Amino acid sequence: MSALHPELTRRAALKGGALVIGFSLFGAKPTLAARGDTAGPPNPDTVDTWIAIHSDNTATIYFGKCELGQGSTTGLLQVAAEELDLGMDQVRAVRLDTNISPNQGPTSSSSSIHRDAPKLRLAAAEARQALMARAARHMGVQSGSLTITRGVISVRGENGLRSVTYSQLLGDKPFNVKFTGTAPLKPAGRYTIVGASPPRVDIPDKVAAKYEHVQHVRVPGMLHGRVVLPRGQGAFSAGARVKDYDESSIKHIPGVQIVRKAGFIGVVAEREWDAVKAAQELKVTWEDRPELPGNDKLFAHMRAAKSTDTIIVNAGNADKAMASAAHIRGSTYHCPYQGHLPFAPNCAVADVTSERAHIRCSSQDIYNARSMLSTVLGMPVEKIRVQYYESSGTFGRSCYEDAAQAAALLSQAVGRPVRLQYMRWDEHGWDNYGPAHLAEVKAGVDAKGNLTAYEYHGWQHGWTITSTVQDSAAGKPGVERAGGSGSITVNPISTGSMYKITNRKVVSHAVPMAGYLRGAALRSPLDLSFAFASEQTIDELAVAVGMDPLAFRRQNIGDQRWLGVLEAAAKAAGWKKRVMGSTLAKGEIVTGRGLGLGTHHVSYGAAVAEIEVNKRTGVIVVKKLYGAMDAGLVVNPGLVENQMVGQMIQSVSRVLKEEVTFDTKGVTSLDWNSYPILRFAEHPEIVPIVLQRMDEPSTGAGEEVMGATVAAIANAFFDATGVRLRQFPMTPARVLAALKEKNGQTAI
């Protein structure tokens, strides 16, 4: 670490970021000689792109999905090892690299196992088939007589057992086999690795402080850089564009270089703390920014905006069915902007010359990162190499592309490698936030408690796939994702699809992002909002007909897999039948139970929440959560259980605490005090339940119980207090305001 600048206080130094200890990715043997010599992506139609066999009878497995802490590397290795008939100790992965790794698109939407493991499974099956054919020729037998155990191919004949290893057949030589996707797959009934829970391959190095995160990377001759930004972003499309700056304002800091490209500005220094101090003290005049609506007027502003309306579902006649319903319940729900905000601010190391660029960074999609860097640097993609290094978890698109692009711009300008790390206020203030959402929900039942009508209207803006750095360096306003304001729509799966409702209408009202904050996908995008609104409406109807919410859902669920997760969560929780809110206690601290359903894509999630509410302070404490997930064939149940625990903890944090605050000028929640999150001491006890279905395709497991958890907590609050909260986070101030409403009725 560089020496601390004498004029920088200890307090100022500690504001800069997070100290993370650990080095090294899980090991990988040298790959084939030619691999990595040229820019990728390699040809996905060859087996050699995916698998290399080594002389010690081990294999390197290549895939395009990055390790974000979710354990997908372990799961993908299990898939490959199973089809190759190798042990987990015989397979390893390598760092994602645009010179080496196949392009499998972004690591997002719980897609690693769901959408990308099948390709790897087919490649491994093709490799196994090729090895069997080689062994058959080598031993002069039919391939059908061969067996494989841990990469040893054997045949029993008149002269006893004969064997040959993968390494003897192919060690460190290419397959030279076309990937056809037609090789027979091992039936699930023969699985010994898939469906088991071997430990994660990345954990030993992380525990031993040997794992190399991007924040640890150092290269010879590097400088340190920082971006210079206003404290808190303003309206999207305005960005952060420099009008002028005063170079003399930092002349007392020796050796600092200022780099400006159009609206982008950054600083570089030999010592990191000089760069930190220069970024803070450089006097910059910024271009004027249009006003934001502020937190107080956000939802009214969205509701009044001209929107692009899309009818997502229009089954039957919801209006007519609503008119004849025995009971109707509905309301308006307000759901906030929330941030990605990794504990360790984003970081990248760039080495850019006139001939090439080598960028070490975090990203969910290294090939898209390379394309964006090509635009920013004005350099062909073939001359840019991006290597992935894991950073702190962000659960969606935080500022990792910004950090990579800023480091690259600074390196290009000064002609030396540059390590750039964001400051905490940059990370909080310039995140690509999960968008706010406004919901209007209404549903009806007949006198027997059968759902007859459902209508959901949701307002939200889209998101951007460019970064603030890219927009500023181009001197252009930010642009929404292709598809304009319609790039995010209401999810039909999370809005009543689990119930038998003949008359159902779901409408998405997409508002333009201009005039709001930057938006991007945040874990389980908007599904927390959908479930918070939809499942409270379902619970209200159960109360209206005097039914227990579990019995009400049993009666109305139309899919046995939804019923399966609901029953599993309820059974684990020891659910006792009662009408919600019917047994209100009179003490200062009251308790409640609730349940909810929800998902993100195609898996099934259910949750039961047990909470306490302090009616004097307004504090909600989630004591225990039970979650159940059906994700089809689960490659590693232990990984999914871990994911469920993380999802449910994060859901508690988001529904009780997290909200981006902003006034008309810009974002004001720039640290962990103004944007609080759940602390370790506040974590509930969590019981995860994985429903294994070996006969079904694998589906996503990284986001699919979050909406159910938020809904269960909201419904438990009603059970404890007899009051509905229509806005989250469910802060003490909002709880106290709701409890003061006349006769304990609904509060907004």
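Looking only at region 544-593, how many residues end up being crowded, with 16+ Cβ neighbours inside 10 Å, part of a loop (DSSP other than H, G, I, E, B) and either in contact (Cβ under 8 Å) with a residue 40 or more places away in the chain or out of contact with any helix residue (DSSP H, G or I) (no Cβ under 9 Å at 6 or more places or on another chain) (or both)? Residues that pass the stated criteria total 4. Taking region 362-379 as the range and being within 15 Å of Pro41 (Cβ to Cβ) and part of a loop (DSSP other than H, G, I, E, B) as the test, the residues that pass are Ser363, Asp365. Does region 433-448 contain at least one residue that is assigned to a loop (DSSP other than H, G, I, E, B), touching a residue at least 60 places away in the same chain (Cβ under 8 Å) and of a type in the set (Phe, Trp, Tyr)? Taking every residue of region 433-448 in turn, none turns out to be assigned to a loop (DSSP other than H, G, I, E, B), touching a residue at least 60 places away in the same chain (Cβ under 8 Å) and of a type in the set (Phe, Trp, Tyr).
So in region 247-269, with the set limited to residues that are surrounded by 13 or more Cβ atoms within 10 Å (Cβ to Cβ) and of a type outside the set (A, V, I, L, M, F, W, C), which one is farthest from Pro230 (Cα to Cα)? If we take residues in region 247-269 being surrounded by 13 or more Cβ atoms within 10 Å (Cβ to Cβ) and of a type outside the set (A, V, I, L, M, F, W, C), then Gln257 is farthest from Pro230 (Cα to Cα). Of the residues making up region 368-427, those that are of a type in the set (S, T, N, Q), surrounded by fewer than 24 Cβ atoms within 10 Å (Cβ to Cβ) and without any contact (Cβ under 8 Å) to a residue 60 or more places away in the chain number 2. Residues that are crowded, with 17+ Cβ neighbours inside 10 Å and not in a loop (DSSP other than H, G, I, E, B) do occur in region 666-675, at least one of them. Consider region 456-493 and keep the residues that are buried (at least 24 other Cβ atoms within 10 Å of the Cβ) and more than 28 Å from Gly429 (Cβ to Cβ). The one that is modelled with the highest pLDDT is Tyr456. In this structure, is Lys306 outside the structural domain of Leu517 (by TED's automatic domain parsing) and of a type outside the set (Asp, Glu)? So Lys306 fails the test.
Quick check on Thr332: is it touching a residue at least 40 places away in the same chain (Cβ under 8 Å), touching a Lys or Arg at 6+ places or on another chain (Cβ under 8 Å) and under 30 Å from His252 (Cβ atoms)?
Criteria not met by Thr332.
Within region 678-714, the residues that satisfy the criterion of being in contact (Cβ under 8 Å) with a residue 40 or more places away in the chain, assigned to a loop (DSSP other than H, G, I, E, B) and either of a type outside the set (D, E, K, R) or assigned by TED's automatic domain parsing to the domain that holds Val79 (or both) are Pro684, Gln692, Met694, Pro697, Ser698, Thr699, Gly700, Ala701, Gly702, Val705.
Criterion first (closer than 20 Å to Pro174 by Cα, out of contact with any helix residue (DSSP H, G or I) (no Cβ under 6 Å at 6 or more places or on another chain) and among the acidic types (Asp, Glu)) does Asp85 satisfy it? The answer is yes for Asp85.
What strands (runs of 3 or more DSSP E) lie completely within region 282-358 and have 3 or more residues being surrounded by 18 or more Cβ atoms within 10 Å (Cβ to Cβ)? Talk me through it step by step, then tell me what you get.
Values: elements: 283-286, 308-315, 327-335, 347-352.
So the answer is 327-335, 347-352.
The values are calculated or read from the model by the stated rules, or taken from the named source; none is laboratory data. All of these numbers come straight from a predicted model, not from anything done at the bench. Virtual Cβ from ideal backbone geometry, glycine too; neighbours counted across all protein chains shown.
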